[in-house]
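A short worksheet on the structure shown next.
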Amino acid sequence: MAKDAPSGTTSLVSRPVFVEGEISGEENLHVDGRVRGAIRLTGDLFVGASGVVDAEIDARNIVIQGAVTGKVVARRQLEVQPSGRFNGECTAASYEIREGAVFEGVSRMLSSKSQADKPPAPPPDKPRTPPPDPAVPKK
Amino acid sequence: MALFAKDKPETAPSAAVRTDHETAFFGAKLSIKGKVSGSGNLIVMGKLEGEFDLNGELVIAPPAVLNGEIKAVNVTVSGNVTGNLTAREKIHLEKSAVVNGRLNTPRLSMVDGASFNGDIEMKKPAEAALASKRSAQK
């Protein structure tokens, strides 16, 4: 699936650039500048030390060295590095918050509510393997 | 060693590799709706709907598709642009460029094969400066 495919290219919003609006795509994104609006990526988001993001974010892995504000979904992992600041509401499958990092807001685990985008698991009340049927002849 | 670890796409690019880059890059699979502004250079290969206002050089490379208002100091087009292109210094249309709209630039160059439908307005920077001087003197 595209979700797990390594996305080759990494786009860059460099330090003097400001993007206002929606950024979406099947890539990784590195932000050293400023982004306001929304970011939806199948790949990873990396917010560099000078990066300032105020957006609704949906990405695979999110690494924060700069400042991020908003409602965030990291389908795999959210990492806030020592220089990073996060402010808002985050849903992620896993978290890594380093010492010195700032995390203010709500965090939720993705595993409990991620059933929508994963193939449904077999219902737990049914046995996984059907009982052997004596009527079927063995080969 | 880590600088050349190209076979590990899962790892985020390290800050050390990236900090020197001041040329922004929007890849082919990225689409942006809204406004991009600031200074520095920018290479676009993706889709944009909206506005570019850049105090630097803009390169629109295939397979880029841009729709909207574009302003920069220098613009080089080899992708697809619909809308108004304004350059403070120069516009260059490459062979593979497809432009529909209005060009506004003091200098223009076009390579044989480029496709362009629309108007061109050329004001020499000297003329523009003179005009503003005259109006200031009045």
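Throughout, read-outs are computed from the coordinates displayed, never taken from laboratory work. No experiment lies behind these values; they were computed from the predicted model shown. Ideal geometry is used to build each Cβ from the backbone, glycine not excepted, and the neighbour counts take in all protein chains shown.
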For B:Met110, B:Met45, A:Met109, what ranking results if the residue with the fewest other Cβ atoms within 10 Å of its Cβ goes first?
A:Met109, B:Met110, B:Met45
Using 7 Å Cα-to-Cβ label points, what is the B:Arg134/B:Ser96 separation (nm, one decimal)?
4.4
Which whole number gives the average, over all residues in B:91-103, of C-beta atoms from other chains lying within 10 Å of the residue C-beta?
0
Ranked output for segments A:29-36, A:12-19, A:81-88 by mean other Cβ atoms within 10 Å, highest leading, reads A:29-36, A:12-19, A:81-88
Whole-Hz ³J(HN,Hα) from phi, Karplus 6.51 cos²θ - 1.76 cosθ + 1.60, for region A:81-87, glycine and proline x
7, x, 8, x, 10, 10, 9
The set of residues whose placed amide H lies less than 5 Å from the amide H of A:Gly21, leaving out same-chain residues fewer than 5 positions away, is A:Arg36, A:Gly37, A:Ala38, B:Lys35
Given the C-alpha centroids of region A:32-53 and region B:70-99, what is the distance between them in whole angstrom?
27
Taking H placed 1.01 Å from N in the peptide plane, check which residues at least 5 places from B:Ser78 or on another chain put their amide H under 5 Å from its amide H.
B:Ile60, B:Ala61, B:Glu94
In what sequence, highest mean first, do B:111-124, B:94-107 appear when ranked by Cβ atoms within 10 angstrom?
B:94-107, B:111-124
Can you give the mean number of other chain Cβ atoms that lie within 10 Å of the Cβ atoms in peptide B:37-44?
5
For A:Leu45, A:Leu110, what ranking results if the residue with the fewest other Cβ atoms within 10 Å of its Cβ goes first?
A:Leu110, A:Leu45
Highest mean packing first, using Cβ neighbours within 10 angstrom, the peptides A:93-100, B:49-56 sort as B:49-56, A:93-100
Under the definition of partner shielding as Cβ atoms of other protein chains within 10 Å of a residue Cβ, what is the mean value for peptide A:41-51?
3
Dipole moment magnitude, nearest 20 debye, region A:27-108 about Cα centre, only Lys, Arg, Asp, Glu C-beta charged:
140
Relative contact order for region B:23-133, counting Cα pairs under 8 Å that sit 6 or more residues apart, in percent
15
